[in-house]
Amino acid sequence: MPQNSVLYAMGRISSLEDKLIDTAKLERMLQAPTPMESLRVLTEAGYGAPATAQAPQDYERLIENELAETGKLIHEITPDEAVTDLFMMRYDYANAKALFKMRLSGKREPDALSALGRIPTEVLDDAIEGKGGAEVPDHLAEAVAEVEQYLAQGRDPARIDAILDRAYVSWAAKAAVRVRKPPMIRAYFQDQADLYNLVALIRLRRMGGQAEQLRGCLAQGGKVKPELISECFSLPPEQVAERLKEHFDDRVLDEVVQGLTTGSTWQLERTTDNRLMELARRGKTEIFTIGPILGFLLAREAEARAIRLIMVGKMNGLPQEKIRERLREMYV
């Protein structure tokens, strides 16, 4: 159960940081001659449950095990469960997406559900199936109801993802305003909302959507008003950058222009993850706050993304440089 000692939590976190998969180990994975050799780098580091990894495809099992243990630890040591749940709730939204897709396909896929969610999956499943008495937070219940309303008209899984992603980002950004310390928490979720909206702008333009559609896709709670992003929808890329120059730095604006020109979002998504990791590192120095605990959680998530990217790339025979350019910055 959550407890009140920040110092105790710091001690637990400090003892585990040395076990994080750092940039050097990721580079060893990347340079390994075969996917199996890449996997061996993980198992030798004690990542996940090494004894269960017999083939390259087992990397996902290692990731899920490591993240599940991390989630359990965070729940045990957090001195402020409401704050850590701002981050952990994303897994409940991810589980909601998976459950809706299972309903559409008629197939049950338990492996698609994350153990990091705060809501028992059977409770969330009841809510999605419309069974009475399922207790989920109001913000998630409202998002589920919006998906149900959409499903009465269409069945596009990507639209389900967009509804739930926007709902989570908006809720977290608004809830983070009430968090006083460390300051990185408010900044983290505000930046997440703003950068999420830029990616939404690029994606909808690529898909040939309309400005009216964009307004329904944008998250609330960022520092930049969604209306300003919406006004940029029909502008040429360079004019979009000019309109937004007071709110974003040159690096972000260059990648927005590139994304609007090519239709690709991976560069901006990489920058988004790097900016959020920078904020997580800033929280690491706030030793008498919850910052280092959140930093460790975000480090584990970044670690998982990097491992997944490398393993998928290796198994599909992608060149090292193609994989490397997509890697994000790490916590350690």
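Derivation of every value follows stated rules applied to the coordinates shown; laboratory data play no part. Keep in mind the model is a prediction, meaning the values are calculated, not measured. Heads up, the Cβs are rebuilt from the backbone with ideal geometry, glycines too, and the neighbour counts pull from every protein chain shown.
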Notebook entry, point to check: For the range 116-204, what class follows from the C-alpha gyration tensor (a ≥ b ≥ c being the square roots of its eigenvalues): rounded when a/c is under 1.5, otherwise prolate if a/b is larger than b/c, else oblate?
Noted result: oblate
Next item on the list: Note the full-extension length gain between ARG305 and LEU235 as 0.36 nm times their separation in residues minus their Cα-Cα distance, in nm to one decimal.
Entry: 21.9 nm
Next item on the list: Bin width 5 Å, alpha-carbon pairs only: give the P(r) of the range 149-258 as whole percents, running from 0 to the bin holding the largest distance.
Entry: 2, 12, 21, 23, 18, 13, 7, 3, 1
Notebook entry, point to check: Span-like helices, the chain: DSSP H, alpha-carbon axial extent 24 Å or more, mean Kyte-Doolittle -1.0 or greater, which ones?
Noted result: 59-77, 81-105, 157-176, 184-206, 291-315
Check: Given a Förster distance of 41 angstrom, what is the FRET efficiency for ALA82 paired with GLN258, based on the Cβ-Cβ distance and rounded to 0.05?
Finding: 0.60
Item checked: Net length gained if the chain between MET207 and GLN320 were fully extended (0.36 nm per residue, minus Cα distance) -> 37.7 nm
Item checked: Inter-probe distance in nm under a simple model that places probes 7 Å from Cα toward Cβ, at ARG180 and TYR8 -> 2.4 nm
Notebook entry, point to check: Could you state the number of Å between the C-alpha centres of the range 299-317 and the range 108-176?
Noted result: 26 Å
Next item on the list: Just need the relative contact order of the chain here, percent rounded to a whole number, with Cα pairs under 8 Å and 6+ apart.
Entry: 21 percent
Next item on the list: Pairs to check: LYS72/LYS174; LYS19/LYS72; LYS225/LYS245. Give those whose C-alpha atoms are more than 19 Å from each other in this structure.
Entry: LYS72/LYS174
Next item on the list: With unit charges on the beta carbon (Lys/Arg positive, Asp/Glu negative), name the residue among VAL123, THR78, ALA280 whose Cα is farthest towards the positive pole of the charge dipole of the chain.
Entry: ALA280
Check: When the helices in the chain are scored as -39500 (n - 2.57) per DSSP H run of 4 or longer and the sum is shared across all residues, what 222 nm value do you end up with, to the nearest 500 deg cm²/dmol?
Finding: -21500 deg cm²/dmol
Next item on the list: With only Lys, Arg, Asp and Glu charged, each at its Cβ (+1 for the first two, -1 for the last two), find how big the charge dipole of the range 81-179 is about the Cα centre; round to the nearest 20 debye.
Entry: 300 debye
Item checked: Potential lengthening between GLU278 and GLU329 on full extension [0.36 nm per residue; Cα-Cα distance subtracted] -> 17.5 nm
Next item on the list: Can you figure out the FRET efficiency of ASP126 with GLU60, using R₀ = 25 Å and their beta-carbon distance, to the nearest 0.05?
Entry: 0.40
Item checked: Charge dipole magnitude, Cβ of K and R +1, D and E -1 - the chain, Cα centre, debye nearest 20 -> 300 debye
Notebook entry, point to check: For the chain, what does the alpha-carbon gyration tensor say about shape, rounded, prolate or oblate, given a ≥ b ≥ c as the root eigenvalues, a/c under 1.5 as rounded, and a/b over b/c as prolate?
Noted result: rounded
Margin query: Give the lysines whose C-alpha is closer than 16 Å to that of LYS25, dropping any in the same chain fewer than 8 places away, or say none.
Written below: LYS314
